[in-house]
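Notes follow once the structure below has been shown.
The values are calculated or read from the model by the stated rules, or taken from the named source; none is laboratory data. All of these numbers come straight from a predicted model, not from anything done at the bench. No Cβ is skipped: glycine too gets one built from the backbone with ideal geometry, and neighbour counts run over all protein chains shown.
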Amino acid sequence: MHVFVTGGTGTIGTAVLAELLGSGHTVLALARSDASARTLSDAGVEVVRGGLVDLDVLRAGAERSDGVISLAFGRDYATADALAASIAEEGAAMSVLGETLVGSDRPLVTVSGTPWIPGRASTEADPLQTEGPVAGRARSVTALLELASRGVRSSAVRMPRTVHDEGRGGFAGLLTDAARRSGVAGYPGDGTQRWPAVHARDAAVLFRLALESAPAGTAWHAVADEGDAVQDIAAVIGRRLGLPVQSVPEETFGPFGPIFAMDQPASGAHTRAALGWQPTHPSLLEDLEALRP
Ligand SMILES: NC(=O)c1ccc[n+]([C@@H]2O[C@H](COP(=O)([O-])OP(=O)(O)OC[C@H]3O[C@@H](n4cnc5c(N)ncnc54)[C@H](OP(=O)(O)O)[C@@H]3O)[C@@H](O)[C@H]2O)c1
């Protein structure tokens, strides 16, 4: 397939491009800067210049492709307003990508997050949360999956809280950033809350499997580790960076504070059984050993 990919320079996108090219697909990738365009053409893909706000560029990219993978999302999580702006931008972009593919039966794979269910690991059958700071993303994904009834083979690959590579990325990466800034490997609450995780290269395989074969309107869990206690994640970060490990106020983590404090394990059992997905790369706690002071 010739696949239009947004977010191809990110932690997940880089792995997705390599997985697609390694499996015989070709890629048209969105680049919003000269640096990103260079990175993408060095990776061996065709580049189209533009950002998520350039809806005509997105429409043209989707029209030219046999399928789309939507990964781009703004990196500014510092304030609630910045997060809301990124959610609105992503939602408008996904809506244009979806409408472009209506009636084509072509695949549109988008990224989502695993839901949290009190007291147990969430599964692929659980609905996404429609409250909280990232509820707008859930609404965009739900609207996209509903395009299944209008001739789009839409699917969502739900990410656990941390998608990592070489110890970087995701919520654990934000804990590391905060530790480097503050001199303390901090975690909110008592640290027994669990976060699930996956290696970016394992997640990339699941994006390819969803692109190739997921039925319309389905959601999948890219979960390799069902849930590590956050105090265990912080302990490795602190040891690798030579910093003390301790509980810190939720507010330290800005708009993510309340989410960081929650227990949110997730299961990928159905995904493994139905799509034949098998993670093979290091777990989060193993991968964090790659951190350097
Ligand atoms: N990593 C995780 O643990 C995790 C967990 C759950 C969900 N997710 C989601 O998975 C997706 C990919 O994650 P990631 O970790 O790979 O992200 P990332 O490393 O932060 O990369 C973000 C990607 O989006 C692009 N991008 C951002 N804003 C854009 C805009 N306005 N226009 C065009 N491109 C834009 C970036 O391009 P530039 O390189 O040009 O900046 C980059 O390619 C995101 O939607 C993220 O929210 C990630």
Meets criteria (in contact with a strand residue (DSSP E or B) (Cβ under 7 Å, 6 or more places away or on another chain) and assigned to a loop (DSSP other than H, G, I, E, B)) for residue 104: no
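Yes/no matrix, rows are residues, columns are (1) within 13 Å of the ligand (Cβ to nearest atom); (2) touching a His at 6+ places or on another chain (Cβ under 7 Å); (3) closer than 18 Å to residue 110 by Cα; (4) of a type in the set (Ser, Thr, Tyr):
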position	(1), (2), (3), (4)
12	yes, no, yes, no
21	no, no, no, no
24	no, no, no, no
30	yes, no, yes, no
39	yes, no, no, yes
45	yes, no, no, no
48	yes, no, no, no
56	no, no, no, no
Answer residue from region 58-93, given it is within 11 Å of the ligand (Cβ to nearest atom) and under 26 Å from residue 105 (Cβ atoms) and is surrounded by the most Cβ atoms within 10 Å (Cβ to Cβ) among those: 69
Unmet requirement for residue 97, which otherwise passes all of (1) surrounded by 18 or more Cβ atoms within 10 Å (Cβ to Cβ); (2) within 12 Å of the ligand (Cβ to nearest atom); (3) part of a helix (DSSP H, G or I): (2)
Single match in 35, 60, 29 (criterion: assigned to a helix (DSSP H, G or I), modelled with pLDDT of 95 or more and either closer than 30 Å to residue 177 by Cβ or in contact with a helix residue (DSSP H, G or I) (Cβ under 6 Å, 6 or more places away or on another chain) (or both)): 35
Selection count where residues are more than 18 Å from the chain's Cα centre (by Cα) and either within 22 Å of residue 131 (Cα to Cα) or charged (D, E, K, R) (or both), scope region 250-271: 10
Any strands (runs of 3 or more DSSP E) falling wholly within region 144-227 and containing at least 1 residues that are within 15 Å of the ligand (Cβ to nearest atom) and in contact with a Ser or Thr (Cβ under 8 Å, 6 or more places away or on another chain): 153-159, 162-164, 194-199, 218-221
Qualifying residue in region 116-133 (condition: more than 14 Å from the ligand (Cβ to nearest atom), surrounded by fewer than 16 Cβ atoms within 10 Å (Cβ to Cβ), touching a residue at least 24 places away in the same chain (Cβ under 8 Å) and part of a helix (DSSP H, G or I)): no
So residue 136, is it surrounded by fewer than 22 Cβ atoms within 10 Å (Cβ to Cβ) and touching a Gly at 6+ places or on another chain (Cβ under 7 Å): yes
Long-range neighbours under 6 Å by Cβ, at least six apart or interchain, first residue under 29 Å from residue 208 (Cβ atoms) within region 69-86, second in a helix (DSSP H, G or I) and β-branched (Val, Ile, Thr): 71/12
